[in-house]
1. Provide a single number: the residues in segment 12-25 that are closer than 14 Å to Glu62 by Cα and touching a residue at least 12 places away in the same chain (Cβ under 8 Å).
2. Of all residues in segment 33-62 being closer than 12 Å to Thr2 by Cβ and surrounded by fewer than 14 Cβ atoms within 10 Å (Cβ to Cβ), which is nearest to the chain's Cα centre (by Cα)?
3. Would you point out the residue of segment 32-65, among those that are acidic (Asp, Glu) and touching a strand residue (DSSP E or B) at 6+ places or on another chain (Cβ under 6 Å), that is modelled with the lowest pLDDT?
4. Can you tell me which residues in segment 1-11 are closer than 15 Å to Val63 by Cβ, among the hydrophobic types (A, V, I, L, M, F, W, C) and over 10 Å from the mean Cα position of the chain (by Cα)?
Amino acid sequence: MTKESLKVEGMTCQHCVQTITDALGKIAGINKVAVYLDKKEVQVDYNDEKTNLQEISDKIVEVGFELVKN
């Protein structure tokens with residue numbers, strides 16, 4: 001099990017939270033998604049044998065949000 005925290009710009013409301021949660025929930029291997037508007041952060045727990053950080057990142061961008069590089 002792998003846990004990652006991603007900084008995400010463009011999230012402003014509960015609809016944004018739901019959009020990201022729903023999109024990531026469709027990826028095989030995702031076990032948990034937590035979206036924090038106040039921190040502009042998405043935390044994911046996933047099985048790295050079924051998915052990877054690039055696929056997760058791509059999905060967030062695909063649904064209209066911007067990842068912040070550290």
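1. 6
2. Ranking the qualifying residues of segment 33-62, first place goes to Leu53.
3. Keep residues of segment 32-65 that are acidic (Asp, Glu), which gives 38, 41, 45, 48-49, 55, 58, 62.
This time we only want the ones that are touching a strand residue (DSSP E or B) at 6+ places or on another chain (Cβ under 6 Å), so: 41, 45, 48.
Numbers: Glu41: 97, Asp45: 97, Asp48: 93.
So the residue we want is Asp48.
4. Within segment 1-11, the first condition is being closer than 15 Å to Val63 by Cβ, and the residues that meet it are 6, 8-11.
Pick out the ones that are also among the hydrophobic types (A, V, I, L, M, F, W, C) and you get 6, 8, 11.
Within segment 1-11, Met11 is the sole residue that qualifies.
The values are calculated or read from the model by the stated rules, or taken from the named source; none is laboratory data. What you are looking at is a predicted structure, and each value in this text was computed from that prediction instead of being measured. As a convention, Cβ positions derive from the backbone with ideal geometry for all residues, glycine included, and neighbour counts pool all protein chains shown.
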